[in-house]
Amino acid sequence: MTKKLFFLLLILFSYTYVYASNALYTPYEGVDFRYRWLDTAKSDTHAIEISGLHTSTPHQFGYEFQQVLGNDTLTKLGLTYAYKAGSHWAGFGLSSNSDKPMTSLNLIDFDVFYAFKVFQHVTEYENIKGKALAYYSRLYLGVEYSTNRLFLDGYPLPVIRYEYSKPGLDVIFGMPLTYIKVDFLKYSSVEFKYVPVLDMFFSYNLGINKNNMLQFQVEMENDMYRLSSMIKDVYYTEQEKYYTDTISIRFRYALTIKNTVRISPFIEFIADSHRYTSKEVKLFSNSSTGIGYSAGINITAFF
């Protein structure tokens with residue numbers, strides 16, 4: 001028990017990326033609470049999620065807790081830390097996605113990455129309101145090791161991240177994250193995000209005014225779990241995994257109060273959903289839970 005606790009604490013000081021690849025692009029600091037009820041032909045679940053991102057330059061901290069209650073009780077726990085200063089960007093952390101998280105070393109995943117800024121070009125200029133805005137482009141190259149990827153887990157992969165930003169346009173292009181946001185009209189925008197292999201997000205954001213927004217979103221999301229009943233004492237790549245994926249079409253209303261709190265109720269049509277293990281062939285197994293509906297709410301506090 002003492003050895004396991006020591007090993008767990010040792011790993012705790014070394015993880016990040018599948019979660020960090022999402023968290024580090026987030027354009028705000030704060031805490032997000034989400035409740036989601038999903039009902040399909042073969043699945044009825046309730047999910048509660050709390051996640052956050054906090055920065056104290058040059059340090060950045062992220063965390064995530066999610067619990068899905070239904071036929072299976074599945075939990076996601078994640079802690080991340082990143083350091084970004086000068087030309088250097090590094091991160092590490094710890095996660096456990098399972099029905100019994102953190103109860104075994106085989107149910108713990110870790111990631112670590114390092115990237116070096118190859119170049120950066122920054123220009124400041126005056127916009128039409130007389131405020132100085134930064135225009136920049138930069139490129140990072142590095143390496144990342146992860147045991148909880150949806151593909152090639154347990155192997156190091158290159159990190160490629162090109163960033164381009166100017167008023168009305170933000171782009172992150174590379175591996176493991178591609179993100180594009182284009183502003184149009186006064187309060188409206190289009191967003192696209194892709195994380196390999198099966199995570200994709202599109203959002204059409206129609207701003208009524210500064211505080212009210214209607215959003216039409218399409219999302220393909222895939223989560224990987226290591227169930228306690230399926231884990232064997234083998235290397236990560238040889239362990240059997242349990243996957244959940246959902247394709248949803250979402251309508252959301254977002255109300256922002258004094259730039260500090262955003263309340264966003266939503267309804268969804270579930271176009272397809274699956275539950276399957278890594279040994280099953282998804283297209284030829286009875287893994288589909290069918291079409292259905294979902295509803296929920298996001299409450300975000302900005303810092």
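Bear in mind these aren't lab numbers, they're just calculated from the coordinates by the rules spelled out. Worth saying up front: this structure is predicted, and the values here are computed from it rather than measured. Virtual Cβ from ideal backbone geometry, glycine too; neighbours counted across all protein chains shown.
Qualifying chymotrypsin sites (Phe, Trp or Tyr not before Pro) in segment 111-208, where qualification requires a DSSP coil assignment and no more than 14 other C-beta atoms within 10 Å, comprise F151.
One way to sum up the overall shape of segment 213-275 is the equivalent ellipsoid from its Cα gyration tensor, whose semi-axes run 36, 16, 8 Å, largest first. A straight chain from K166 to D233 at 0.36 nm per residue would run longer than the Cα-Cα distance by 19.1 nm. Take the Cβ atoms of V118 and H59, set R0 to 35 Å, and the FRET efficiency comes out at 0.95. The shape of the chain can be summarised by an equivalent ellipsoid whose semi-axes, obtained from the alpha carbon gyration tensor, come to 32, 26, 17 Å from longest to shortest.
Basic side chains Lys and Arg get +1 at the Cβ, acidic Asp and Glu get -1 at the Cβ, and with that the dipole of segment 94-238 about its Cα centre reaches some 580 debye.
For the listed residue pairs K181/K279; K84/K210; K76/K232; K117/K241; K117/K193, the alpha carbons are over 26 angstrom apart in K181/K279; K84/K210; K117/K241.
One compactness figure for segment 120-195 is 1.41, namely its Cα radius of gyration divided by 2.2 N^0.38 Å.
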